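*Asks:* I have a structure here, written as C-alpha cells, and I will follow up with some questions on it.
Each value in this text was obtained by applying a stated rule to the coordinates, not by laboratory testing. Not measured: the values here are computed from a predicted model. Here the Cβ positions follow ideal geometry from the backbone for every residue, glycine too, while neighbour counts run over all protein chains shown.
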Amino acid sequence: MFLQPDGWVPAKGYANGMLAEGRIVFTGGLVGWNAAQQWEHTDMVGQFRQTLLNIVAVLAEAGARPEHLVRLTWYVTDKSEYLANLKEFGAAYREVIGRHFPAMAVVQVVALMEDEARIEIEATAVIPSPGAPAREA
C-alpha cells in the first residue's frame, strides 16, 4: 500500500512511504554491468537501465516481481548528469519496472567501489503473504 498523508502534494516518480506484509527480499548494491560483470555502457542512463535489469533478475530468484519493490536507494556519482537526463531515466525505469514507484532516495557520492560504475542501487521488495490484500496505487 502506498502511504500518502492527507494534504500532501503527491510525490512524482516515487512514493513517500510503503506498507507491505510478506517475505522480504533485499539486494546488495547492484551496478550496471552485465551477468559476466562486463560493462556495456559508460553513461549513467545506460548503466541505470542495466542495473534495473539486474535488480529484476535478482528479485526473480526469490519469486518476486518489480511490483513487489517497496524501496530503492540510488547512489549516483554525478548529480548534474542525473538531473540532465531525468526524461531518459524515467523512460528506462518505466521500460524495465513499469509504472510502480516505491519509496526512493537518490544520493550523490564521491565514488563507487567499481571504478567504472556511474550508479549503484539497493532494492528492497516484499512478496505478499498469501491472502494479503492487494496494494493500492
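*Asks:* What ratio of Cα Rg to 2.2 N^0.38 Å holds for segment 4-73? Walk me through the numbers before you get to the answer.
*Replies:* Values: Rg = 14.8 Å, N = 70, 2.2 N^0.38 = 11.1 Å.
Against the empirical 2.2 N^0.38 Å value, I get 1.33 for segment 4-73.
*Asks:* Applying 1/(1 + (r/R0)^6) with R0 = 25 Å to the Cβ-Cβ distance of E40 and V106, what FRET efficiency is obtained, to the nearest 0.05? Before the final figure, lay out the partial values.
*Replies:* Details: r = 23 Å, r/R0 = 0.91.
With R0 = 25 Å, the Cβ-Cβ based efficiency is 0.65.
*Asks:* Let me ask you something else. Using a 10 angstrom cutoff on alpha carbons, build the Gaussian network for the chain and name the most mobile of A11, A105, A36.
*Replies:* A36
*Asks:* Roughly what angle does helix 44-61 make with the longest principal axis of the chain, taking Cα atoms, 0 to 90 degrees, to the nearest 10?
*Replies:* Result, in degrees: 50.
*Asks:* When the chain is modelled as a GNM with alpha-carbon springs shorter than 10 Å, which of T73, T124, T42 fluctuates the most?
*Replies:* T42
*Asks:* I would also like to ask the following. Could you tell me which of rounded, prolate or oblate describes the chain, using a ≥ b ≥ c as the square roots of the eigenvalues of the alpha-carbon gyration tensor, with rounded for a/c under 1.5 and, failing that, prolate when a/b is larger than b/c and oblate otherwise? Please list the in-between numbers first.
*Replies:* Numbers: a/c = 2.15, a/b = 1.39, b/c = 1.55.
It comes out oblate by the Cα gyration axes.
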